[in-house]
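Novice: Encoded as structure tokens, here's the structure I'll be asking about.
The values are calculated or read from the model by the stated rules, or taken from the named source; none is laboratory data. Only a predicted model underlies this, so the values are computations on that prediction, with no experimental measurement involved. In this analysis, Cβ positions are derived from the backbone assuming ideal geometry, glycine residues included, and neighbour counts consider all displayed protein chains.
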Amino acid sequence: MRSSRNIILNVKKFSRALRGTRLIAKDFFDEETERIRTKEDACSFDIVLGNAPWGDGSIKGSSDIDTKIVIVETNSESTKRATKQRTKAEHWARKQDWPVANNDIGPLFLAKSALLLNDCGKVAMIQPAPLLYRRDKPAREFRRKLFLSYTVDEVTNLSALRRELFADAIGPACVIVFGKQKPLEDQTLLYICPKPLRDKQAGYRFVIEPQDVNQVTHQ
């Protein structure tokens, strides 16, 4: 027997008075920006949520340049000079020992947000769905570190709703909700896969059936 529930979202705009105080227009990985520094501002937030920038190669264009590394090679005939630029997000990931898969900046927002949470806080963010199933080494290492370091409440895979949520979307998305406490390996989380109702009367509704909700362990 099918069951569905209509979900109504009441969207409100943020007040302009919040800009520069609660809404900070800065690179999230800029360790010089007060209130979002990894060490000095650790454990200071109750909730971190949002739709961070993500996508293949996004770490190069979604973060400011941090340093330039100059490599000089000398031989008997000439001197070769090469300059390598590293973004603040790349520098942060390297310093905090977080792998970066496919130069995608998105998952790093999860990693840094976790460090800014207090003990009872929660992170809830839209992320690239390939975070869940990419098989290359950096992706597997990131996923392992994330799911074995923090207690995940639920993962909602939005791949089937890609066109309904974002008309021009190419990459599928997911939503991850977690806290900063370390989980037990057999501790379970909810894995949810909603499906669109593809008919003229349905509009932009979706359905979550019993078989679309599963419990899996962090391991």
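Novice: Of all residues in the stretch 102-116 being part of a loop (DSSP other than H, G, I, E, B) and crowded, with 21+ Cβ neighbours inside 10 Å, which is nearest to the chain's Cα centre (by Cα)? Step through it out loud before you land on a result.
Specialist: Our first condition is that a residue be part of a loop (DSSP other than H, G, I, E, B); within the stretch 102-116, this holds for 102-105.
Checking which are crowded, with 21+ Cβ neighbours inside 10 Å leaves us with 104-105.
On the way: D104: 9, I105: 8 Å.
Of everything passing the filter in the stretch 102-116, I105 is nearest to the chain's Cα centre (by Cα).
Novice: Tell me, yes or no, whether the stretch 138-147 has at least one residue that is of a type in the set (F, W, Y), modelled with pLDDT of 95 or more, surrounded by 17 or more Cβ atoms within 10 Å (Cβ to Cβ) and part of a helix (DSSP H, G or I).
Specialist: Narrowing the stretch 138-147 to residues of a type in the set (F, W, Y): 142, 147.
If we keep only those that are modelled with pLDDT of 95 or more too, we end up with 142, 147.
Those still in the list that are surrounded by 17 or more Cβ atoms within 10 Å (Cβ to Cβ) too: 142, 147.
Those still in the list that are part of a helix (DSSP H, G or I) too: 142, 147.
So far as the stretch 138-147 goes, yes, one or more of its residues are of a type in the set (F, W, Y), modelled with pLDDT of 95 or more, surrounded by 17 or more Cβ atoms within 10 Å (Cβ to Cβ) and part of a helix (DSSP H, G or I).
Novice: So which residues in the stretch 158-208 are among the hydroxyl-bearing types (S, T, Y) and at pLDDT 95 or above, if there are any at all?
Specialist: T188, Y191
Novice: Any idea how many residues of the stretch 151-171 are surrounded by 18 or more Cβ atoms within 10 Å (Cβ to Cβ), outside any loop (DSSP other than H, G, I, E, B) and either charged (D, E, K, R) or within 17 Å of the chain's Cα centre (by Cα) (or both)?
Specialist: 5
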